[in-house]
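Working notes, beginning with the structure itself.
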Amino acid sequence: MGKYENLFAPLEVRNTVLKNRILAAPMGVPRANIISTTDYGGISLYDKSLGGSAVVTVNEYGIINISKQKNAFDKYARDVTREVLSVMRQAGSLAQIQFGFHGFPDENGVSMGPSDGTSLTGGPMKAMTKDDMQAMIEELCEKAVAARDFGFDMVMIPMGHDGLGSVFLSPVWNKRTDEYGGSVENRTRFQREAIQAVRAAVGPDFPLMVRVSRQLMVPESYSEDDMIYFIQSIEEEVDIIIVSAGMDCYGGSIDKYIANTYAHSTIFLPRMHNLDFCERIKQECDVLVCAVGGVSDPEVSEAAIAEGKVDLVMLGRQLVADPFWPKKVQEGREKEIVPCIRCLNCYHISTVHANVQCSVNPRFRRENRVPLALAKAKSPKHVVVIGGGPAGMKAALVADERGHDVTLIEKSAELGGNLKYADYGDFKEDIVNYREYLKYMLSESNVDVQLNTTATEEYVKSLEPEAIIVAVGADFITPQISGVAYAVQAASVYPRLDEIDGDVVIIGGGSIGSELGLELAARENKVTIVEQNSALAERSNWLYRHGLYNAIRDAGEDLDLTAMLETTVKEIKEDGVVTVDKDGTEAFVPAKFILLAVGTKPRKDLAMSFYGITPETAMVGDCYKAAQILEGTNEAYFLAANL
Amino acid sequence: MGKFDHLFSPLRIHDTILKNRVVTAPMSVPTATLISTTQYGGMSLLDKAAGGAGVVTVCEHKLRSVTLQENVFQKYARDVTREVISVMRQAGGLSQIELFFHGFPDQDGKIPGPSDGIHHTGGQMKALTKAEMQTIIADLSQYARDAKDFGFDMVMLHFGHDSYCSVFMSPVWNQRTDEYGGSIENRTRFPREAIKAIREAVGPDFPLMVRISRELMVPETYTEDDMMTFIKSVEDDVDIINVSAGMDCYGGTIDKYVANNYAMPSIFIPRMYNLDFCERVKKETDLVACVVGSVADPVACEAAIAEGKVDLVMLGRQLVADPFWPKKAQEGREKEIVPCLRCLNCYHVATEHTNVQCSVNPRFRRENRVPLKLTESKSPKRVVIVGGGPAGMKAALVADERGHKVTLIEKSAELGGNLKYADYGDYKQDVVDYREYLKYMLSKSQVDVQLNTPATEEYVRSLDPEAIIVAVGADFITPNIPGVAYAIQAASVYPRLDEIDGDVVIIGGGSIGSELGLELAVRENKVTVVEQNKALAERSNWLYRHGLYNAIKDQGEDLDFTAKLETTVKEIKEDGVVTVDKDGNEEFVPADHILLAVGTKPRKELAISFFGITPETAMVGDCYKASQILEGTNEAYFLAANL
């Protein structure tokens, strides 16, 4: 306690006691996980239930996906629901279920909503009749009562994101002329009737939470004042308001999910970006308030509660990175928390199911084969890890956990590899935290870290390793363009961002070039990014891309950032570059600074030089294939765990 | 050995040797167990196979539901069947498969049977032709032969409960006028022909067990004499007669499953209630007799075998409660056997899948996440448990198993909580046994049990706990009825049941009020139970309810027991109560004793007072939600296991 007194203060809500102020968010699981884990209807639900949150939340859809029944409380769904509930309660957390309040498309693709027209997902929307609305309210009430009787401790009703709550409150989507459209009183009537009916159905002793989006972050949105009006009108029925923002599925195709990055925040958003609105609710409404979205730092959470800005915090992706966040904080081991780097790869839409992993937690969706703690090796080996970047550091930590005798060789004076550049960017605090986490864990381990040590074949051989993990990384590519000597590597300017003063051309608009371009433009430079593909950061995941595009848009019209897409650089001169667009048209772009961001190339020759010393040799990280923290961490874990 | 010489003496049947006299019953698993366990086609089959029984039995029907094939020996079913045999044989038990001799509904919902008419499950029954009967016999013979060839050690033929044998033997359901109807010789012809054909198919040396119902316990039944006639007529072809009673599915809907209760006995039926018929089989034939139905006490089993009443005992639900019953008895650790409460929650029809758990064994259907033995905690904590009822005791035992330093505080002079009342009732032997089991295990543990110790916040704080489990239970509710001072709590009369003499009114007909009413009526008092719901014990599970209703019915007409349903009490007077029925009619019911049984209310305020001492605090049992031993035990297990 002490340091986190407020975060761990119990809270009584209608005779139900929350042991602390931490809630686990409901998060859906991609369906095709038959082989990868025991599915309890929510991402990492099993571990989150062990992790020490006061409340664990499951989405009813998750249970329905497993039981293949229409309703979590149908006869043949009950066995599954009972087991899910038992898992949720297994370490004393309260169990909460979230029900949908959505107008999902029917077999003909028609969504229900306030009016006839186009739905927020782009398909046809059909106006709900009053009977439709009444039927939906009745179904919600039945489910809430069933949940209470089945043994759930609380119910959460989503009125935010793409739910009917958002669509009815929108003055654009809601064109009704009856008592459910027009004024804010009318636009909130359906939602209010639903909440009032649920309260009447479950009785006065059952806690109810409502999740809202403070704003939808799209032009069709209602205002924050509208939302305050709605909350005030339901404050007697509702116990806790959970404040999110943005939408899901806006536009209906992945290249239009622009509001998703406010519901699932990327590196481009500040942490706890909904806190101000929480504070406003606390001031203007009589209801408990819970912040969700980018909640990751326990000190910030403690301060926000202590200062009366919020009562509770709900963690989503951070509990994917480390489901034991609450326990670690409670026990004063907050430095051991694995930070979420907000890459959003855990959210299947990011890569359209291509790469649903956690960058920092290999156990995510793999509870079946990644144990909570590794068993000690029966025959400890001398393991040499070459390279102190994120993959090498992770491999060293895991090998150490297995009880091997580990030497980590790093040629520079500091651990971290390319993560060192994160110190200078505006969007890289999550990465810095992850690097510092790895360094802290190494400092607590038995790994022999050798800095300023160049790993030659002779030196490695002299250590008599029984296993070698090669994690020597990649080089930034210098392209074969005439005049390339006038350019410098983009990464090299990070330590002196504020010295860059004047027009900038960045050759290459992947994530490095784009982020750097945004940062330099935000520092009032004129920036031109020349990119051969048809979009910036084309190879990055969709949520990162939307986050990036939104950040550029949100910086406003003063930002002088130009992306020349489907364009290559033919020649670099002292004072600018000659570009060629897809039609073959040449242009001269003047620049004081010409930066190269055309990717990296694995250090294959160096890596291969360590083969032949011992048969147990493998590459991991960027020297294996140039990739991201995700690949390096997951590969390093498995490699080291199986030594 | 010594104490259980007969129970653990081997038995030879042809060339097959049973290492002891314990046989596990085939028990089905609800199908929707996708997430809860490794499915081997039978309840707790993995553990039962490890538990030491001489024979382990699997039900063909359920094995088929795992293989998703029509026949468990078909090509694509064989891999599963092979693995199931391997599991069954893993600790030296013999493997037995139960085959069905049943008529199941065809596509049109018609059920084959002896005659056209109404089937006992409520559907249409269609008379079998002789050709169809010969096909059934041929198929079953082939199936038995396949089982033998595949490697099963024994076959059990299900000729009891809902089988053709039961239906053909019933003089009511069997209205045939050919050689399969009429006389007892004729009514037993079809099952007899089947057994003779099966014996021929499997050869003379293969052990055959036949399960029968000694009586169906419904008006349509045959007599026990009829059954003896049948058994004698198959004596040469059968090795073991397995004696059950009652039916499954009589009436076809859950509120008519009245005969189920004799096949799966509830607390209202004496233990081993089929033993007398076993003795008769032994006297009148040379067959081996095996008793099933509420076999729980190893001392009673030993005596029954020693006295020649029976040769084998078959355990069903008791092995759900503790699959290691045989091993524990064999090793003289019979006090460590976890007694079955006969709550029947493990049988999915009891709650229509709502709450399929074992009251006393959290590992039931959860072999995947409840280990046979917990590992010691790496960081033992000081754990304080407040309250020595069943949930508190269980939590203390589990925390102790994990190696924590456990203090159990109980304000009264005895452990047991509300289980103390079980000492006085007629139907509570199982609960008494469970309480004594918990007390015995605590006496063998390291738990510091502090009796006569009220747990104040100050006192608990002074123990400097690192985790607190609050299990302070619930209070009996005193309703707001004028004159309530003339009434006393029902529970308070338990210690002096024989002193209650005269007319009794019990306000509240839940399980406590109903059971007490029955006991007082059996003691020749005039008893009136006033219940606001439509049925007695309306919130209890269906099998308990049928057990209760049957127990009242079986007492006969002399029992002076009246249930006034859908009726409330308006006023309590010194000499009786004023009731109001659903139509508003008032009535005065005179009484010498007025007892309150209107439920319990969690001691929330007391429970909440222990929050805030240490962040690791949780409620369990009746103070969390008023419920049953089932909820308290399972929640206590998980909570303590995860400390």
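Please indicate, with yes or no, whether at least one residue in the range B:305-322 is aliphatic (A, V, I, L, M), farther than 30 Å from residue B:367 by Cα and surrounded by fewer than 24 Cβ atoms within 10 Å (Cβ to Cβ).
Within the range B:305-322, one or more residues are aliphatic (A, V, I, L, M), farther than 30 Å from residue B:367 by Cα and surrounded by fewer than 24 Cβ atoms within 10 Å (Cβ to Cβ).
Name the residue that is farthest from the chain's Cα centre (by Cα), counting only residues in the range A:600-621 that are part of a helix (DSSP H, G or I) and within 24 Å of residue A:404 (Cα to Cα).
Taking the range A:600-621 and keeping what is part of a helix (DSSP H, G or I), we get A:604-608, A:621.
Of the ones still in play, those that are also within 24 Å of residue A:404 (Cα to Cα) are A:607-608, A:621.
Numbers: A:607: 32, A:608: 35, A:621: 22 Å.
Filtering first and then ranking leaves A:608.
Determine, yes or no, whether residue A:131 is of a type in the set (Asp, Glu), surrounded by fewer than 17 Cβ atoms within 10 Å (Cβ to Cβ), farther than 30 Å from residue A:54 by Cα and free of Cβ contacts under 8 Å to residues at least 12 places away in the same chain.
Details: of a type in the set (Asp, Glu): yes; surrounded by fewer than 17 Cβ atoms within 10 Å (Cβ to Cβ): yes; farther than 30 Å from residue A:54 by Cα: yes; free of Cβ contacts under 8 Å to residues at least 12 places away in the same chain: yes.
Considered against the rule, which asks whether it is of a type in the set (Asp, Glu), surrounded by fewer than 17 Cβ atoms within 10 Å (Cβ to Cβ), farther than 30 Å from residue A:54 by Cα and free of Cβ contacts under 8 Å to residues at least 12 places away in the same chain, residue A:131 comes out as yes.
Select from the range B:449-476 the residues that are under 19 Å from residue B:389 (Cβ atoms), buried (at least 16 other Cβ atoms within 10 Å of the Cβ) and aliphatic (A, V, I, L, M) and list them in ascending order.
Once the filter is applied, which keeps residues that are under 19 Å from residue B:389 (Cβ atoms), buried (at least 16 other Cβ atoms within 10 Å of the Cβ) and aliphatic (A, V, I, L, M), the range B:449-476 yields B:449, B:455, B:460, B:467, B:468, B:469, B:470, B:471, B:472, B:474.
From A:216, A:269, A:208, which residue is surrounded by 17 or more Cβ atoms within 10 Å (Cβ to Cβ), in contact with an Asp or Glu (Cβ under 6 Å, 6 or more places away or on another chain) and not basic (Lys, Arg)?
A:208
Please state which of the following conditions residue A:130 fails to meet, knowing it meets all the rest: (1) within 14 Å of chain B (Cβ to nearest Cβ); (2) over 30 Å from residue A:319 (Cβ atoms); (3) among the basic types (Lys, Arg).
(1)
For the range A:8-24, which positions are within 7 Å of chain B (Cβ to nearest Cβ) and either in a strand (DSSP E or B) or charged (D, E, K, R) (or both)?
Correct list: A:12, A:17, A:19.
Taking the residues in the range B:503-530 that are over 14 Å from residue B:559 (Cα atoms) and not aliphatic (A, V, I, L, M) as candidates, determine which candidate is surrounded by the fewest Cβ atoms within 10 Å (Cβ to Cβ).
Keep residues of the range B:503-530 that are over 14 Å from residue B:559 (Cα atoms), which gives B:505-513, B:530.
Still in the list and also not aliphatic (A, V, I, L, M): B:508-511, B:513.
Details: B:508: 25, B:509: 26, B:510: 21, B:511: 19, B:513: 25.
Within the range B:503-530, the match that is surrounded by the fewest Cβ atoms within 10 Å (Cβ to Cβ) is B:511.
If the requirement is being within 12 Å of chain A (Cβ to nearest Cβ), over 15 Å from residue B:637 (Cβ atoms) and surrounded by fewer than 17 Cβ atoms within 10 Å (Cβ to Cβ), which of these qualifies: B:378, B:411?
Of B:378, B:411, the one residue that is within 12 Å of chain A (Cβ to nearest Cβ), over 15 Å from residue B:637 (Cβ atoms) and surrounded by fewer than 17 Cβ atoms within 10 Å (Cβ to Cβ) is B:378.
Considering only the range B:304-344, state which residues are touching a residue at least 40 places away in the same chain (Cβ under 8 Å), over 18 Å from residue B:49 (Cα atoms) and not acidic (Asp, Glu).
B:305, B:306, B:332, B:335, B:339, B:340, B:341, B:342, B:343, B:344
How many of the residues making up the range A:134-185 are without any contact (Cβ under 8 Å) to a residue 24 or more places away in the chain and aromatic (Phe, Trp, Tyr)?
Qualifying residue count, the range A:134-185: 0.
Among the residues of the range A:423-453, write down those that are part of a helix (DSSP H, G or I) and of a type in the set (A, V, I, L, M).
The answer is A:431, A:432, A:438, A:441, A:442.
Scanning the range A:40-62 for residues that are within 9 Å of another protein chain (Cβ to nearest Cβ) and surrounded by fewer than 24 Cβ atoms within 10 Å (Cβ to Cβ), which turns out modelled with the highest pLDDT?
The selected residue is A:50.
Looking at the range A:296-319, is at least one residue within 16 Å of residue A:434 (Cα to Cα) and among the hydrophobic types (A, V, I, L, M, F, W, C)?
There is at least one residue in the range A:296-319 that is within 16 Å of residue A:434 (Cα to Cα) and among the hydrophobic types (A, V, I, L, M, F, W, C).
For the range B:557-572, state whether one or more residues are away from chain A (no Cβ under 14 Å), of a type in the set (Val, Ile, Thr) and assigned to a loop (DSSP other than H, G, I, E, B).
If we filter the range B:557-572 for residues that are away from chain A (no Cβ under 14 Å), which is where we start, we get B:557-572.
With the extra rule that they be of a type in the set (Val, Ile, Thr), the set shrinks to B:562, B:567-569, B:572.
Next, only the ones that are assigned to a loop (DSSP other than H, G, I, E, B) stay: B:567.
Within the range B:557-572, one or more residues are away from chain A (no Cβ under 14 Å), of a type in the set (Val, Ile, Thr) and assigned to a loop (DSSP other than H, G, I, E, B).
Can you confirm whether residue B:55 is closer than 26 Å to residue B:292 by Cβ, modelled with pLDDT under 95 and of a type in the set (A, V, I, L, M, F, W, C)?
Answer is no for this residue.
What number of residues in the range B:78-95 are within 29 Å of the chain's Cα centre (by Cα), in contact (Cβ under 8 Å) with a residue 40 or more places away in the chain and either under 22 Å from residue B:170 (Cβ atoms) or surrounded by fewer than 23 Cβ atoms within 10 Å (Cβ to Cβ) (or both)?
Residues in the range B:78-95 being within 29 Å of the chain's Cα centre (by Cα), in contact (Cβ under 8 Å) with a residue 40 or more places away in the chain and either under 22 Å from residue B:170 (Cβ atoms) or surrounded by fewer than 23 Cβ atoms within 10 Å (Cβ to Cβ) (or both): 9 in total.
Any residue at all in the range B:147-157 that's in a loop (DSSP other than H, G, I, E, B) and within 28 Å of the chain's Cα centre (by Cα)?
Yes, some residue in the range B:147-157 is in a loop (DSSP other than H, G, I, E, B) and within 28 Å of the chain's Cα centre (by Cα).
If residue B:212 meets every condition in (1) surrounded by 24 or more Cβ atoms within 10 Å (Cβ to Cβ); (2) out of contact with any strand residue (DSSP E or B) (no Cβ under 8 Å at 6 or more places or on another chain); (3) of a type outside the set (D, E, K, R); (4) not in a helix (DSSP H, G or I) apart from one, which number is that one?
(2)
Pairs, please: C-beta under 6 Å, at least 6 apart or cross-chain, first residue at the interface with chain B (Cβ under 7 Å from one of its Cβ atoms) and in the range A:75-97, second part of a helix (DSSP H, G or I) and aromatic (Phe, Trp, Tyr)?
Partner pairs satisfying both residue conditions: A:90/B:638.
Can you confirm whether the range B:262-274 contains a residue that is closer than 22 Å to residue B:154 by Cβ, surrounded by 20 or more Cβ atoms within 10 Å (Cβ to Cβ) and modelled with pLDDT of 95 or more?
Checked against the condition, which is being closer than 22 Å to residue B:154 by Cβ, surrounded by 20 or more Cβ atoms within 10 Å (Cβ to Cβ) and modelled with pLDDT of 95 or more, the range B:262-274 yields at least one hit.
Scan the range A:39-62 for residues that are hydroxyl-bearing (Ser, Thr, Tyr) and touching a helix residue (DSSP H, G or I) at 6+ places or on another chain (Cβ under 7 Å) and jot them down.
Going through the range A:39-62, the residues hydroxyl-bearing (Ser, Thr, Tyr) turn out to be A:40, A:44, A:46, A:49, A:53, A:57, A:61.
Selection gives A:40, A:44, A:46, A:49, A:53.
Give B:369, B:363 a once-over and let me know the one that is in contact (Cβ under 8 Å) with a residue 24 or more places away in the chain and among the basic types (Lys, Arg).
Working: B:369 fails: in contact (Cβ under 8 Å) with a residue 24 or more places away in the chain.
Unique residue meeting the criteria: B:363.
Where in the range B:590-643 are there strands (runs of 3 or more DSSP E), lying wholly inside it, with at least 1 residues that are free of Cβ contacts under 8 Å to residues at least 24 places away in the same chain, facing chain A (nearest Cβ under 10 Å) and surrounded by fewer than 22 Cβ atoms within 10 Å (Cβ to Cβ)?
Working: elements: B:593-596, B:600-602, B:617-619.
Here the list is empty.
For the range A:283-322, give me each residue that is in a helix (DSSP H, G or I) and closer than 18 Å to residue A:208 by Cβ. If you could, list the steps in order and put the result at the bottom.
If we filter the range A:283-322 for residues that are in a helix (DSSP H, G or I), which is where we start, we get A:283-284, A:298-306, A:317-321.
If the condition is that a residue be in a helix (DSSP H, G or I) and closer than 18 Å to residue A:208 by Cβ, then no residue fits.
Can you pull out every residue in the range B:91-115 that is touching a Leu at 6+ places or on another chain (Cβ under 8 Å) and part of a loop (DSSP other than H, G, I, E, B)?
Within the range B:91-115, B:101, B:103, B:114 meet the criteria.
Could you count how many residues in the range B:323-339 are under 15 Å from residue B:300 (Cα atoms), surrounded by 24 or more Cβ atoms within 10 Å (Cβ to Cβ) and not hydrophobic (A, V, I, L, M, F, W, C)?
Here the count works out to 1.
If I filter the range A:625-640 for residues that are under 24 Å from residue A:506 (Cα atoms), of a type in the set (A, V, I, L, M, F, W, C), free of Cβ contacts under 8 Å to residues at least 24 places away in the same chain and not in a strand (DSSP E or B), do I get at least one hit?
yes
The values are calculated or read from the model by the stated rules, or taken from the named source; none is laboratory data. In this text the structure is predicted, and so the values were computed from the model without any measurement. Don't worry about glycine lacking a Cβ; one is built from the backbone with ideal geometry, like all the others, and counts go over all protein chains shown.
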